[in-house]
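Down below is the structure, laid out as structure tokens.
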Amino acid sequence: LHDEWRRKGNVHVGKFWGRRFLRLMPAYWLYIGPLTLWMLLHPQELSEVGNWSPAQYIASLWLYFVNYVPMGDVWTNQYLTVHLWSLALEEQFYLLWPLAMYFAFRLRRPWVVAWGVLVAVLVRRGLTPTEDMDMTLPIRGIGVVLGCTAALTLATTRRPAWLVSVRLRWAVAALSLFAIAVLPVVLRRG
């Protein structure tokens, strides 16, 4: 989004959504197509899961509404689709973030808006009981928002010379590798 804004002076949100749709949905459909066939042939497998009928469950998969608002414990009780919460989170992020950035770029300080979004997400998380929304954007999306906020901040603000030095990059890389190697050992002992 930032590159498009920098090159063209505008963000075409519809085209962004179209690219994200083509990236996410074909794999999703490839998964739920055979799954739907299996569900139609084995409806008894779904009859007592979260009080969903097979017809409701199949409709929710194809119309994608269950992934926006968790309903009927479908994520915690259904082994066939429990992993789709992460795809739902990503899609929700792709729907909301470009709208925020569309306005942020117009303000000429997109990093300020990005940090505001991050603070709003953190406040929302603090006000929400985790067990009620454990696999939703306000709870699990913090990492995605933080990553985009950091990237946008780095892309749109001037950094001091010491921050872009090669030595600092090597030191951060070495420290990261050390943490990856040592942290699991320390955690296993504790």
Fill in the blank from the handout: The summed charge of the residue 9 Cβ neighbourhood (under 14 Å; Lys/Arg +1, Asp/Glu -1) stands at +3
Fill in the blank from the handout: By the mean-Cβ-within-10 Å protection proxy, highest first, 2-10, 106-114 rank as 106-114, 2-10
Completion exercise
Between residue 179 and residue 99, the two model label points (7 Å from Cα along the beta-carbon direction) sit apart by a distance in nm of 3.4
Exercise for the section: Report the label-to-label distance for residue 15 and residue 167 in nanometres (one decimal), using points 7 Å from each Cα along the Cα→Cβ vector. Expected result: 4.4
Practice task
Just order 17-29, 86-98, 170-182, 147-159 by mean Cβ neighbour count inside 10 Å, highest at the front, would you?
Solution key: 86-98, 147-159, 17-29, 170-182
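Computed from the coordinates by the stated procedures, all read-outs in this text should not be read as laboratory data. Please read these numbers as outputs of a predicted model, since none were measured by experiment. Note that each Cβ is placed from the backbone with ideal geometry, even for glycine, and that neighbours are counted across all protein chains shown.
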